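Asker: Can you keep this structure in mind? I'll have questions shortly.
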Amino acid sequence: MRNSLPDSLAPRGFRFTEMNSRARIRTGVLLAILIGLAIYAWRQDSWGRDLGKIENWLAMRADRRALKETLALEQKWGRTGDGHVLAARAMRHLERDDSCREELNRAAVRGASPAVIAHESRLLAAQHGQALSSPYELDEILASPLAPFSENADAVMIGLIREKEEVRSNSS
Amino acid sequence: MKLWSAQEPDTFWIDYYAGLISSKTGDEAGALAIYEKAYAIEPQFIPLLMEIGKNYWFVQAPEKAIEYLKRVIEVEPDYDEANSALSQSLASIGRFEEAEAVMRPFIDLADVCSDRARQHGMVLIGLKRYQEAINAMTPSVRAWPQDLELNRQLSECYQLIGDDKQADLYSKAAEKGAVIVESISIRRNRDLKESKQATAIAELGHDIMYFVSRVEGRDILENALAINDRIPQAHRDLATYYLLTGLQERASFHQLKALELENENGNSSVLRATDE
């Protein structure tokens, strides 16, 4: 009776089931990859939006608010180099130089871009009238794409005003 | 600035800085006119709102000052200076309850070196809560017994609660302080703007710290030491200040520096810089 079964049924059924399970695995793997990618994209987007929010507060010089947001960022995403760079910028605006340097050290440990860290240090120095000794240096700071132009120009302006005040006080 | 406006033609920054420079030269009304131009471009920029608020206060327009300072605090509720300026503006037009409400979250944070106890005292006097005012100001006057305003306000409080003996005590201390404070206003111009002798600045910083304001005194002393860091008394004053504000490390630094310089000097003159 067994032999009387149509050839196509048993083996085909067997083959079909085997293919189905392989396809399911493939689909599963593909789905997992897609979900992973979607989560990654969502995280990147969400992370980018959180950073953007802090950058906006910093642009408005709402530095205390920006610092609060960097703490929230840290709780949500863990400690990151970029977060520490933004915290350093807020500290620089608030003229809390020691805290600014500490944040930059932390940023270096957490893998922030060395060029960005170096630029922030340079802005801190510029804000104190240092690093402005030659027009070349000044142009370099102003033209740097590592921070928004207004960040660079503001630090330079603060430094120049400070320098002028010092010159005036030393000459009188 | 030319480069800046070329780079960003619609920027508010140029007017902001022009206003700042105008304000620094004492032309508050002129500064306000410039700031308003910046404000028309960027009404959210916190330092601009703060500057407009402060300048309205200087030109005796507290209501306008309040308007701008409130906007700062909406975004930056923890901004100490903005809260303090707002509270002061409210108190100046008799809105004591609001002034106290603004101050309340910061009162516990106040140390004996901040000017907040004095401000709080003033607001509580305005609210006729004299005993509370005494309680608020007493720790500060214990740490800084020469402060003119603290002594004046405490004398007033004790007088109003009928304790003439205490009122008299504080009144006498205030009288002594008044003489020094009078000399401070003359020296402030002379020593800070004309003379640039570090020792003269340090002496002024010392008097301001003890008789007028700890925070202002600290800043002037730090400036004096930036010109010449070999003035033992300036280090001593800063050591006291930092000790009372809990900044132990800075206090120790200035304490050691003062001792070192005094040993070099053989204690001859603590106020004189060692190399001036």
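Asker: Among the residues in the stretch B:44-62, are any over 20 Å from the mean Cα position of the chain (by Cα), surrounded by fewer than 18 Cβ atoms within 10 Å (Cβ to Cβ), touching a residue at least 12 places away in the same chain (Cβ under 8 Å) and within 13 Å of another protein chain (Cβ to nearest Cβ)?
Answerer: Yes; the residues of the stretch B:44-62 include at least one that is over 20 Å from the mean Cα position of the chain (by Cα), surrounded by fewer than 18 Cβ atoms within 10 Å (Cβ to Cβ), touching a residue at least 12 places away in the same chain (Cβ under 8 Å) and within 13 Å of another protein chain (Cβ to nearest Cβ).
Asker: Looking at B:S92, B:S140, can you tell me which residue is in contact with a Leu (Cβ under 7 Å, 6 or more places away or on another chain) and small (G, A, S)?
Answerer: Result: B:S140 is the single residue among B:S92, B:S140 that is in contact with a Leu (Cβ under 7 Å, 6 or more places away or on another chain) and small (G, A, S).
Asker: Scanning the stretch B:229-247 for residues that are open to solvent by 50 Å² or more (accessible area, probe 1.4 Å) and in contact with a helix residue (DSSP H, G or I) (Cβ under 7 Å, 6 or more places away or on another chain), which turns out modelled with the highest pLDDT?
Answerer: B:R236
Asker: Could you tell me whether any residue of the stretch B:189-202 is modelled with pLDDT of 90 or more and either within 14 Å of chain A (Cβ to nearest Cβ) or farther than 20 Å from B:E249 by Cα (or both)?
Answerer: Yes.
Asker: So, in the stretch A:58-80, how many residues would count as being more than 10 Å from chain B (Cβ to nearest Cβ), buried (at least 22 other Cβ atoms within 10 Å of the Cβ) and not in a helix (DSSP H, G or I)?
Answerer: 0
Asker: If the requirement is being buried (at least 20 other Cβ atoms within 10 Å of the Cβ) and farther than 30 Å from B:L261 by Cα, which of these qualifies: B:Q153, B:Q159?
Answerer: When all the criteria are applied, what remains is B:Q153.
Asker: Mind checking whether some residue in the stretch B:69-78 is more than 10 Å from chain A (Cβ to nearest Cβ) and open to solvent by less than 10 Å² (accessible area, probe 1.4 Å)?
Answerer: yes
Asker: Just checking: which of the helices (runs of 4 or more DSSP H) contained wholly in the stretch A:97-144 hold 1 or more residues that are out of contact with any Ser or Thr (no Cβ under 6 Å at 6 or more places or on another chain), open to solvent by less than 80 Å² (accessible area, probe 1.4 Å) and more than 19 Å from B:M1 (Cα to Cα)?
Answerer: Result: A:97-109, A:114-127.
Asker: Residues in the stretch B:71-100 that are within 15 Å of the chain's Cα centre (by Cα) and farther than 18 Å from B:Y56 by Cβ: how many?
Answerer: Number of matching residues: 1.
Asker: Does the stretch B:248-276 hold any residues that are open to solvent by 40 Å² or more (accessible area, probe 1.4 Å), at pLDDT 85 or above and not charged (D, E, K, R), and which are they?
Answerer: Of everything in the stretch B:248-276, those that are open to solvent by 40 Å² or more (accessible area, probe 1.4 Å), at pLDDT 85 or above and not charged (D, E, K, R) turn out to be B:Q248, B:S252, B:F253, B:Q255, B:L256, B:L259, B:N263.
Asker: Can you go through A:I54, A:I161 and tell me which one is surrounded by fewer than 17 Cβ atoms within 10 Å (Cβ to Cβ), within 14 Å of chain B (Cβ to nearest Cβ) and within 21 Å of B:W13 (Cβ to Cβ)?
Answerer: Step by step, each of A:I54, A:I161 is checked, and only A:I161 is surrounded by fewer than 17 Cβ atoms within 10 Å (Cβ to Cβ), within 14 Å of chain B (Cβ to nearest Cβ) and within 21 Å of B:W13 (Cβ to Cβ).
Asker: Taking the criterion of being among the hydroxyl-bearing types (S, T, Y), open to solvent by less than 50 Å² (accessible area, probe 1.4 Å) and assigned to a helix (DSSP H, G or I), would at least one residue in the stretch B:212-228 satisfy it?
Answerer: No: zero hits.
Asker: Anything in the stretch A:130-154 that is within 12 Å of chain B (Cβ to nearest Cβ) and modelled with pLDDT of 75 or more? List them, or say none.
Answerer: A:L138, A:D139, A:I141, A:L142, A:A143, A:P148, A:F149, A:S150, A:E151, A:N152, A:A153, A:D154
Asker: Going by the structure shown, is B:E100 surrounded by fewer than 19 Cβ atoms within 10 Å (Cβ to Cβ) and farther than 22 Å from A:A66 by Cα?
Answerer: Criteria not met by B:E100.
Asker: Now for a different question. If you take the residues in the stretch B:22-43 that are surrounded by fewer than 15 Cβ atoms within 10 Å (Cβ to Cβ) and within 14 Å of chain A (Cβ to nearest Cβ), which one is farthest from the chain's Cα centre (by Cα)?
Answerer: B:P43
The values are calculated or read from the model by the stated rules, or taken from the named source; none is laboratory data. The shown structure was predicted, so the numbers you read here are calculated from the model rather than taken from an experiment. We place every Cβ from the backbone using ideal geometry, glycine too, and count neighbours over all the protein chains shown. Calculation scope for accessible area: heavy atoms of the full protein, side chains included, ligands and nucleic acids excluded. Shrake-Rupley method; radii C 1.70, N 1.55, O 1.52, S 1.80 Å.
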